[in-house]
Amino acid sequence: MNAHVSITPTQASLIAAHKARQARFAAAARKVAVRRPANTNEPVKLERQILTPVDFIKAKCAERGITYEHLISREKTDELVSIRNPLVKETKEMFPKLSLTTLGRLFNREHTTILYILGHLPGKRENMALMAERDRQAKALYLDGKTLDAIAIELNVCLSTVKAIKRRCKWDVRAKPKPPRSEKPHERRARELYASGMSLRAVSDQLGMDKESIRRMRIRWNWPERSKA
């Protein structure tokens, strides 16, 4: 026996909205009909007004004798690129309100690729050269002693970019000058005992330290040589 499944009002409204959306898409698809002329040299004519960017792109693909699926493939032959890039520009001119992200989805490309096609980005080699010069300037400023915040302000980039450059380029940690250390009380006492004529063994026994520590202490602080009798 089949159990009766009830749906909530929210689920019912979502189902109704989905059906209405599907019906709207189907109606829009029926309004656009592409007629291929008998003479293939003639351009494809649209029987009705184009409604969506996808319809526009598919119609242009039909004019050029390729499929939409072939156009948005990852193929990068010169012939296909010579068709795809101008079509990106034509679509942007036809639908100027399209965002770069939406335009990229229509052509199965990243928005940065769309920016490059539209001429809003420099070429890859030029861009890499600019980035290399920026990284070089950032490292030079860092080695000069400037903070990451100051470097970001001078190069007009965000702080996270400077941190990423530092991490990627593996800048050496700047050596901070250490202030000269003065003798500690037990080191000063060891020097005085040694200067009084006691041997290293006697100094170590007097201070409760091993002989090797006293020897390193003598070398570090350059104790004066005792005069030999």
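Where a number appears in this text, it was derived from the coordinates with a stated rule and is not lab data. Keep in mind it's a predicted model, so treat the numbers as computed, not measured. We place every Cβ from the backbone using ideal geometry, glycine too, and count neighbours over all the protein chains shown.
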Inset, instruction - For an R0 of 22 angstrom, estimate the FRET efficiency from the Cβ-Cβ distance between Met131 and Asp78 and round to the nearest 0.05. - result: 0.20
Legend entry - Total charge dipole magnitude, the range 49-172, about the Cα centre, Cβ charges on Lys, Arg, Asp, Glu only, Debye to nearest 20: 340
Legend entry - Per-residue ³J(HN,Hα) for the range 51-61, Karplus 6.51 cos²θ - 1.76 cosθ + 1.60, θ = phi - 60°, Hz, x for Gly and Pro: 9, 10, x, 4, 4, 4, 5, 5, 5, 5, 5
Legend entry - Partner aspartates and glutamates for Lys146 [C-alpha distance under 20 Å; skip if fewer than 8 residues away on the same chain]: Glu133, Asp135, Glu154, Asp172
Inset, instruction - Once you've got the Cα coordinates, tell me which of Lys97/Lys166; Lys19/Lys92; Lys58/Lys97 are over 27 Å apart. - result: Lys97/Lys166; Lys19/Lys92
Legend entry - Inter-part distance where the range 196-210 and the range 69-117 are each reduced to a Cα centre, Å: 84
